[in-house]
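> Quick one: the structure is below, and I'll ask about it shortly.
Values in this text are rule-based calculations from the coordinates and carry no lab data. Computed from a prediction, not measured in an experiment: that's the story for all the values here. FYI the Cβ positions are ideal-geometry reconstructions off the backbone, even for glycines, and counts take in every protein chain you see.
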Amino acid sequence: MIWNVWWAWIAGGFLIGALEVVLPGYIFLGFAIGAILTGILLGLGVLGLAGPSTLLLVFALASLAAWAALRFGLGMHKGQVKIWHRDIND
């Protein structure tokens, strides 16, 4: 089945990554990284003959971890405020 094909996960990750380019916001990027990580783990044989439910669980956990890392690393930090020094009409 398509669930156990490593390159399908990686191709899906790149497609979701392309969706992030069209609709930016760091939402789809976490899913893209999760799909690529799942494909890599599947390709290396770490997941072996895992079923669809196990693969979806790994995908969900990897996506959540990637989203949290992106949010922590690239998101606005506490107390950070954008200060404008020039007006657009100047």
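> To the nearest 500 deg cm²/dmol, what mean residue ellipticity at 222 nm is calculated for the chain from DSSP H runs of n ≥ 4 alone, each contributing -39,500 (n - 2.57), summed and divided by the residues?
Mean residue ellipticity, 222 nm, calculated: -21500 deg cm²/dmol.
> Given Cα pairs under 8 Å that are at least 6 residues apart, what percent is the relative contact order of the chain?
On the way: 96 pairs, mean separation 27.2, N = 90.
Relative contact order comes out at 30 percent.
> Okay, next question. Please work out the FRET efficiency for the pair residue 49 and residue 74, using the Cβ-Cβ distance as r and a Förster radius of 41 Å; give the result to the nearest 0.05. Write down the numbers at each step before the final one.
Details: r = 36 Å, r/R0 = 0.88.
In this case the efficiency is close to 0.70.
> Taking R0 as 35 Å, what's the FRET efficiency between residue 3 and residue 81 from their Cβ-Cβ distance, rounded to 0.05?
It comes out at approximately 0.15.
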